[in-house]
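Chemist: Take this structure first; my questions come after.
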Amino acid sequence: SPHSPSGMLPVVAGLLLAAGVWGSSSSGEQESPPGSRFVCTSLPLEAAGAGCPLPPVPMQGGALPPEEELRATVLQLRETVLQQKETIGSQREAIRELTGKLSRCEGADGKSAPGTWKKELGKGKDTMGDLPRDPAQVIDQLSRTMQTLKDRLESLEHQLRANVSYAALPNDLREMLQRRLGDLERQLLSKVAELEDEKSLLHNETSAHRQKTETALNALLERVSELEKGNSAFKSPDEFKVSLPLRTNYLYGKIKKTLPELYAFTVCLWLRSSASPGIGTPFSYAVPGQANEIVLIEWGNNPIELLINDKVAQLPLFISDGKWHHICITWTTRDGMWEAFQDGEKLGTGENLAPWHPIKPGGVLILGQEQDTVGGRFDATQAFVGEMSQFNIWDRVLKAEDISNIANCSANMPGNIVPWVDNNVDVFGGATKWPVETCEERLLDL
């Protein structure tokens, strides 16, 4: 501590030396060095009068009267008490200085928020002047200072006992010293307790702040993830294709939306097959109780077929040459009439395909696989291999003019039941989404 009573022992030692050593010198001689002793011997009275007068105080080895000895002792003790008062005053100033520094650290001046000094300590900044940076070190240093004071007071008492009987101290003086010592010890213990409480409070604030920060970061990460999922990875939400490069029973795409009850529909899509023989199953729609509610399939050397409620119609389409083709199929429950379009041209029509049967709602729409149960039990031999894009479904029969405009890239008509948008299509098993060629580029591939 900068105000420790470091001068106490030398002062007391000087007082005791003055109290225990009696010296004398003749008035006509030079002053002797400090600590020197003079031993005088008895002389006859006539010799004393000749040039060696008697000293005004008794020589060493003589005895003072009890009253004089007690008075001298009291004077020494009073001087010691004054020294102690000055030391205690210095200690109070030190305590006030420490309290002021702690108040500044605690933000009592209103310039710093609670917990600021804690953060500065964590950054290595010394916010307490000459105090240690860690509250635990401050507590330890105060404890050592208090113990040092106690040790010095005990040493002082021991030296006083060696020269003057402790019982010779006045009772009021002894009680005052004990009371001052007790007050100082209580102040130090109180300050140590305050520092312990502050340390515990800082720990709680740190835990609460860390938890709040982690909660905010998690919320931010969740929001970013939602935005990433919601945003299309392509220039436009419909400018993508689904790639199914292998003939397996686990690569497929799935349309998130399901179909309502339909009494007519038009399905259009662009596709490019790379399988032979047969392109497999571009899409299938299954409902509970009927796995073949709507299926478009070309299996082996058979012609391409349209299945509705497990009823079959063969379509005059030829799309297994590895090029992009635009396919549209229309159907109505009235007489089960159907039409087949390839690259904008009507190539075939027919009727009696599941007549008067409404398409059931609530099923699962799969791209690239034929379903034997709702959403599953795929057969690799019936899988589509290639790429597809712009899969749209309407709840009506489109006019031939509209279909031609879509095929020759002069019109863009998203399906009102199932539109081709990125966030409506999921891929599984290694199927991927890629940016699709422009409509004009697909036309050049025909």
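Chemist: Can you tell me, using C-alpha contacts under 8 Å and at least 6 residues apart, the relative contact order of the range 240-444 as a whole percent? Before the final figure, lay out each step's value.
Modeler: Numbers: 559 pairs, mean separation 70.4, N = 205.
Relative contact order here is 34 percent.
Chemist: Here is a follow-up. For the range 240-444, would you read off the P(r) tail past 24 Å as a percentage of all alpha carbon pairs?
Modeler: The proportion of pairs with Cα distances above 24 Å equals 33 percent.
Chemist: Top to bottom by accessible area (1.4 Å), largest first, where do K257, K241, K150 land?
Modeler: Working: K257 90, K241 15, K150 65 Å².
Putting K257, K241, K150 in descending order of accessible area: K257, K150, K241.
Chemist: If Lys and Arg each add +1 and Asp and Glu each add -1, what is the summed charge of the other residues whose beta carbon sits under 15 Å from the beta carbon of R71?
Modeler: Summing Lys and Arg as +1 and Asp and Glu as -1 gives -3.
Chemist: Ignoring any ligand, DNA or RNA, what whole percent of the accessible area of the range 306-401 comes from carbon and sulfur when the probe is 1.4 angstrom?
Modeler: On the way: 1900 of 3980 Å².
Summing carbon and sulfur atoms, their accessible area is 48 percent of the total for the range 306-401.
Chemist: So which of K323/K360; K85/K191; K256/K346; K241/K360; K346/K433 end up more than 26 Å apart, counting from Cα to Cα?
Modeler: On the way: K323/K360 33 Å; K85/K191 21 Å; K256/K346 30 Å; K241/K360 28 Å; K346/K433 30 Å.
Where the Cα-Cα span goes over 26 Å, the pairs concerned are K323/K360; K256/K346; K241/K360; K346/K433.
Chemist: Okay, moving on. Return an integer: the convex hull volume of the alpha-carbon atoms of the range 171-231, in Å³ per residue. Don't jump to the answer; show the numbers that get you there.
Modeler: Working: hull volume 2.2 nm³, N = 61.
Enclosed volume per residue, from the Cα hull, is 36 Å³.
The values are calculated or read from the model by the stated rules, or taken from the named source; none is laboratory data. Nothing here was measured: the structure is a model prediction, and the numbers come from that model. Note that we place each Cβ from the backbone using ideal geometry, even for glycine, and neighbour counts take in every protein chain shown. These accessible areas exclude ligands, DNA and RNA; they are computed on the full protein's heavy atoms, side chains included. Shrake-Rupley method; radii C 1.70, N 1.55, O 1.52, S 1.80 Å.
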